[in-house]
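Read-outs: derived from the displayed coordinates by stated rules, not from any lab. Model, not experiment: these values are computed from the prediction. Neighbour counts are summed over all protein chains in view; Cβ atoms, including those assigned to glycine, are modelled from backbone coordinates with ideal geometry.
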Amino acid sequence: PTQRQKWLPAAVEGSTLLALVLDCGDSLLKSPSCAVGGKMETDSLYLDGRARAVTGSTLADFLIVPVEVGDTLLLAVVDAGRDGVTIGIETGQLGLNGAGQAPVEFSGVQVPSGSTLSTGNVVETMKMADDLFRIGHAGLCVGIGRAALEASTAHVSGVNDELCREQSVQWMLADMATETEAARLLTWYAASRTAPSEMREAAPMARLLAADAAVRGSRSAVQIFGPAGNERGSGIERLYRDAKAMEIYHGAVEVQRLAVAGELLPRLVKDINP
């Protein structure tokens with residue numbers, strides 16, 4: 001209760017920003033995993049490690065850090081400005097610029113005992129967090145797809161009849177609307193699941209379908225707008241870039257396919273969850 005009162009109200013209000021420190025590594029087939037190790041000395045936990053790309057790290061007030069201590073997994077809450085915490089510079093990327101993504105390094109960072117979260121089964125908690133992240137990312141992808149559809153529909157409706165009557169354009173709009181709505185409904189379904197076993201299958205499905213729909217929809221939007229859609233500052237090319245980045249970060253679409261397959265074939269597919 002004390003920890004909930006300390007961090008949750010400000011986080012819910014948005015006055016305090018939190019970032020989850022996980023490392024996706026260089027492999028498309030690697031699920032986000034723990035990047036930080038720790039050791040206990042007297043009443044304090046000391047952290048060492050580096051995560052290469054942490055979303056929100058340059059904006060966060062506190063970092064939620066999964067920590068491996070021997071064979072045990074703990075969760076620590078660390079002030080982003082604490083001694084020993086180094087947050088790198090956000091570099092220019094294809095998409096998701098402005099998301100505060102940068103490397104984070106911990107060098108002998110001391111975590112007081114009161115800042116270590118007691119979560120019971122931490123491994124199960126991390127799996128649940130991964131599923132919630134998948135649903136959140138699916139929602140972002142649905143938003144990208146919806147923005148592409150609305151911009152494209154408004155553009156086609158506002159120009160001469162020639163573009164509006166073009167059957168290929170009509171088909172692109174129909175596909176965008178169908179795929180975006182399907183992704184929205186599956187995302188809603190995944191978010192409505194209460195049992196972890198139900199969410200574990202639905203969450204990667206939603207993440208996968210929504211990312212695919214966002215990429216196809218935003219690509220079609222660029223085609224519909226023509227040269228104007230390819231111009232920086234138009235907003236259309238940004239949708240395409242952000243959609244493509246959403247296929248990669250926090251578990252690439254290949255990881256989502258493995259997660260779904262793992263639920264269908266649990267004895268044959270290796271568990272890729274953290």
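With contributions of -39500 (n - 2.57) from each DSSP H run of at least four residues, the per-residue ellipticity at 222 nm computed over the chain stands at -16500 deg cm²/dmol. Shape verdict for region 2-117, please, from the Cα gyration tensor: rounded (a/c under 1.5), prolate (a/b greater than b/c) or oblate. Oblate, since a/c reaches 1.5 and b/c is not below a/b.
Suppose R0 equals 22 Å. What FRET efficiency, 1/(1 + (r/R0)^6) with r the Cβ-Cβ distance, do residue 241 and residue 181 give to the nearest 0.05? That gives a FRET efficiency of 0.40.
For the chain, the share of alpha carbon pairs falling in successive 10 Å distance bins from zero is 7, 25, 31, 22, 10, 4, 1, 0 percent.
Globularity index of region 93-177 is 1.89 (Cα radius of gyration / 2.2 N^0.38 Å, N = number of residues).
Charges were assigned to the Cβ only: +1 to each Lys and Arg, -1 to each Asp and Glu. The resulting dipole of region 122-264 about its Cα centre is roughly 240 debye. For the pair residue 6 and residue 39, label points projected 7 Å from Cα toward Cβ lie 2.4 nm apart. Amide H contacts for residue 44 (H built 1.01 Å from N in the peptide plane; partners 5 or more residues away or on another chain; cut-off under 5 Å): none found. Scanning the chain for DSSP H helices at least 24 Å long along the axis (C-alpha atoms) with a Kyte-Doolittle mean no lower than 0.0 picks out 122-158, 167-192, 196-225. Run through every distinct alpha carbon pair of region 122-264 and return the Kirkwood hydrodynamic radius in angstroms, one decimal place. After inverting the pairwise mean of 1/r, the radius is 15.7 Å. Full extension of the chain between residue 164 and residue 17 gives 48.5 nm of extra length, using 0.36 nm per residue less the Cα-Cα distance. Within region 186-274, the GluC sites (Glu not before Pro) that combine a DSSP coil assignment with at most 13 other C-beta atoms in a 10 angstrom radius are 231.
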